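Structure, as structure tokens:
The values are calculated or read from the model by the stated rules, or taken from the named source; none is laboratory data. What you see is a predicted model, and the numbers here were worked out from it, not measured in a lab. Ideal geometry is used to build each Cβ from the backbone, glycine not excepted, and the neighbour counts take in all protein chains shown. We work out accessible area using only protein heavy atoms, side chains counted, and drop any ligands, DNA or RNA first. Shrake-Rupley method; radii C 1.70, N 1.55, O 1.52, S 1.80 Å.
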Amino acid sequence: MALFFLAITYNMLGQERTCGTMEHLQQEILDNPARQSVLDDIEEHTNLILGGMGRSSVTGVITIPVVVHVVHNTTAENISDAQILSQINVLNQDFRRTNPDANGLWSQAADTEIAFCLATVDPSGNPTTGITRTYTTRTSFSSSGNYMKFNSTGGKDAWPAGSYLNIWVCDLSSGLLGYAQFPGGSASTDGVVCDYAYFGTIGTATAPFNLGRTATHEVGHWLNLRHIWGDGGCSVDDFVSDTPVSDAPNYGCATGHVSCSTVDMVQNYMDYSDDACMNLYTAGQKARMRALFSSGGARASLLTSGGCGSAPPAPSCSDGIQNGTETGVDCGGSCPPCPTGCTTNALNLSITFDNYPEETSWTLRTSAGATVASGGPYGSQPDGSTLNIPLCVPNDCYVFTMFDSYGDGMCCSYGSGSYTLTGPSGTLASGGTFTTSQVTNFCLGTTPPPTCTDGIQNGTETGVDCGGSCPPCPTGCTYTPINSNNFESGLGIWTLGSNARRSSADAAYANGTFCVRLRGNTSTSVMSTSSLNLSAYNRVKIDFSFLTRSFANTSHDFWLQVSTNGGASYSTVVEWDYSTDFLNNVRYNPSVILTGTFGSNCRFRFRCDAGNTSDFVYIDDVVIQACNSPAREGFEDADFIVELDGNMMESHTAVNSLNLYPNPTSDQLNVEFDLMQDGEWVLVVADITGKMVRSESQFRTAGRQVMQLQTSDLASGMYLLYLTDGTERLSRKFSVQR
């Protein structure tokens, strides 16, 4: 009874390691019986190499190019670059036996002379970070189906298996930590899969599997190692002579456990022990893995992959990165002394730690992805202390990321931590209240070169993309009135849904006696125009007045929608959100400019999307104008500027919900938006005439984005913020007030 109680207690308090590799192999053989013959051939080749029968084994350190495919549905699953790098570091330590927990308990422990590097060259020969990121609608994956490994099933296609070790990181169901494919299987599924909660040593890494040993275990399978107990009883072996025979997996850290008359090697990476218990491969396992790389071996092609370019260099005093003992980039510590003055851009990172400095780390990368400086975690720093870190970096555009491995930021539940990165122009990044990470983009001494198609006035231009060295500027766009209605004399071209009304009872909310009232929690609370022939125009301006009552949270909103097929279908072009764009009982007078092809059967519609029937929005003084602009030019003082595709049946397919706050602002503006796909995005700030005053460019992965834009150097006044990927562009107006 006591033993039963202990077993139940352990299962309640701690998860046991689960690996799906053998089940995956069994399914492979069921699907294709010839798979067993391939395994037999690999085993025969291995025995020839180990027996020295006319086959020579490979010598020297083998470096394997790795590509990590992050397949994520939630923000937490989209693990950071730093977490991925921590896993690569663990693989290198474990396979080279430089792991800090290595000890002399087992004399057969060995350096496998196998190393790993994140790929620097992709299959097309282009530079890469060795990391891909894919948003998926799937909430989890399993070891059956390999869905995470194909674009068509919500995952990411493998890179060529003959040149890269593919590692997929995703949410695995049923408590599965990971699984791998043994050598000789299909190239399209070859590689390793790890759950995002058991990958690397920071971020989402979860005890007792938070030291990166899940990947070490699975890569062992990928290199033809079996579980140390051979997945059977005492009569079943793991094909390695210097590992003790065992009859079952060990869990936790069962040191000294005896089975099959010998002490189990529970510290071996191929057992089921907790991460903190594992610390070795044996010489026999080393020989078995390396046999794959000899002539005719199943992994031999990786030796000439080129996926890592040349061999990854060791840290040096000329690599352009602050690392090792350096106190600056390529200077200080074991390198030549740092110059007394910085000849490029002198930065200072000031970190005030919360009660858990060991959770804090940071990186400074160029927009191309190269790391120029990094630091942390800071376990040796006293709680609440402040650390100042001087940096000296060249002109470039940068991405600064502050990380918290626990996911509760630096403030304010467990101490008042914060950070500030300052440079020649003042504050570049600051914060402290975030979850897992906080990202800030900025440029130093550089902006993208001006062109005649970038949508901003720069260079010699006298207008937006015109004048100077660009085509002559057009004479302008003269608006033609289409319709104007204050609803005092009726609805005119507008028709109302069954839950909308025009009533003198709403006089308190009108600019006069009448307005149109829309209410929440119903799809029929709409006001729509009749069909309008706008085929002669490429720009429509809509001005109106509104006031809301009883809206309660940011999910309460109302929309402006457009149809080009006479109302058969609509797409939302502008969304106004409570708290972000408006407050209750305050009158607003927004102006919206739409550009595109409108056609001869165009309709506009306002719709309320609030959550309760007691939520009301009152629309008044709607003015519709249109013009035909012969070329791109500066926009007048408009709150929303939306460029739509040719048929206007969809609004933005790559980016949605651009919000700016606080607005007006003084020193910092938060820019929040959703990306539907990865891509290179340019953020431009222009004055109200369209003349550029700031530009930042960065590759960003899909998901919710929050950027902090420093506005302390902008004069008081009105500005336009543009977000574009070259094909789509969203714009919002903001003001700076001091």
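Collect the residues in the stretch 328-351 that are open to solvent by 80 Å² or more (accessible area, probe 1.4 Å) and modelled with pLDDT under 70, keeping them in residue-number order.
339, 340
Specify the residue that is farthest from residue 31 (Cα to Cα); the eligible residues are those in the stretch 143-154 that are assigned to a loop (DSSP other than H, G, I, E, B) and without any contact (Cβ under 8 Å) to a residue 40 or more places away in the chain.
Applying the first criterion (assigned to a loop (DSSP other than H, G, I, E, B)) to the stretch 143-154 yields 143-146, 150, 154.
Retained after the next criterion (residues that are without any contact (Cβ under 8 Å) to a residue 40 or more places away in the chain): 145, 150.
Details: 145: 11, 150: 18 Å.
Selected residue: 150.
Among 121, 61, 67, which is at pLDDT below 95, farther than 25 Å from residue 276 by Cβ, surrounded by 17 or more Cβ atoms within 10 Å (Cβ to Cβ) and of a type in the set (A, V, I, L, M, F, W, C)?
After ruling out the rest, the residue left standing is 121.
Considering each of 136, 129 in turn, give the residue that is farther than 30 Å from residue 59 by Cα and either buried (at least 17 other Cβ atoms within 10 Å of the Cβ) or free of Cβ contacts under 8 Å to residues at least 12 places away in the same chain (or both). Walk me through how you get there before you give the answer.
On the way: 129 fails: farther than 30 Å from residue 59 by Cα.
Among 136, 129, only 136 is farther than 30 Å from residue 59 by Cα and either buried (at least 17 other Cβ atoms within 10 Å of the Cβ) or free of Cβ contacts under 8 Å to residues at least 12 places away in the same chain (or both).
Step by step: first the residues of the stretch 431-459, then only those that are β-branched (Val, Ile, Thr) and modelled with pLDDT of 75 or more, then the one that is farthest from residue 79 (Cα to Cα). Which residue is that?
First pass over the stretch 431-459, keeping only residues β-branched (Val, Ile, Thr): 433, 435-436, 439-440, 446-447, 451, 453, 456.
Still in the list and also modelled with pLDDT of 75 or more: 433, 435-436, 439-440.
Numbers: 433: 19, 435: 12, 436: 9, 439: 13, 440: 17 Å.
Among those that are β-branched (Val, Ile, Thr) and modelled with pLDDT of 75 or more, it is 433.
Only one of these is modelled with pLDDT under 85, open to solvent by less than 20 Å² (accessible area, probe 1.4 Å) and among the aliphatic types (A, V, I, L, M): 368, 373. Name it.
373
I want to confirm something. Restricting to the stretch 412-430 and keeping residues that are out of contact with any Cys (no Cβ under 6 Å at 6 or more places or on another chain) and more than 23 Å from residue 713 (Cβ to Cβ), which single residue is modelled with the lowest pLDDT?
413
Here's a check for you: in the stretch 139-183, which residue that is within 20 Å of residue 84 (Cα to Cα) and open to solvent by 20 Å² or more (accessible area, probe 1.4 Å) is farthest from the chain's Cα centre (by Cα)?
163
Test residue 507 against the criterion of being more than 30 Å from residue 693 (Cα to Cα) and out of contact with any strand residue (DSSP E or B) (no Cβ under 8 Å at 6 or more places or on another chain), and give yes or no.
Taking the combined requirement at face value, the residue satisfies it.
Given the criteria open to solvent by 20 Å² or more (accessible area, probe 1.4 Å) and at pLDDT 95 or above, does residue 211 qualify?
For residue 211, the condition - open to solvent by 20 Å² or more (accessible area, probe 1.4 Å) and at pLDDT 95 or above - is met.
Give the stretch 376-411 a look and list any residue that's open to solvent by less than 50 Å² (accessible area, probe 1.4 Å), modelled with pLDDT of 85 or more and among the polar types (S, T, N, Q), or say none.
The answer is 385, 401.
Anything in the stretch 460-477 that is more than 30 Å from residue 423 (Cβ to Cβ), modelled with pLDDT under 75 and surrounded by 18 or more Cβ atoms within 10 Å (Cβ to Cβ)? List them, or say none.
Correct list: 463, 465, 473.
Looking only at the stretch 532-563, filter to residues that are within 37 Å of the chain's Cα centre (by Cα) and outside any strand (DSSP E or B); which one of those is surrounded by the most Cβ atoms within 10 Å (Cβ to Cβ)?
So, considering only residues that are within 37 Å of the chain's Cα centre (by Cα) and outside any strand (DSSP E or B), the one surrounded by the most Cβ atoms within 10 Å (Cβ to Cβ) is 551.
Test of understanding: among 81, 101, which residue is surrounded by 16 or more Cβ atoms within 10 Å (Cβ to Cβ), under 17 Å from residue 211 (Cα atoms) and not β-branched (Val, Ile, Thr)?
Values: 101 fails: surrounded by 16 or more Cβ atoms within 10 Å (Cβ to Cβ).
Selected residue: 81, the only one of 81, 101 that is surrounded by 16 or more Cβ atoms within 10 Å (Cβ to Cβ), under 17 Å from residue 211 (Cα atoms) and not β-branched (Val, Ile, Thr).
Here are some residues: 301, 295. Which one is part of a loop (DSSP other than H, G, I, E, B) and touching a residue at least 60 places away in the same chain (Cβ under 8 Å)? Can you show your working first?
Values: 301 fails: part of a loop (DSSP other than H, G, I, E, B).
One residue alone meets the criteria, 295.
Take the conditions within 21 Å of residue 660 (Cα to Cα), open to solvent by 30 Å² or more (accessible area, probe 1.4 Å) and at pLDDT below 85 and apply them to residue 613. Does it pass?
no
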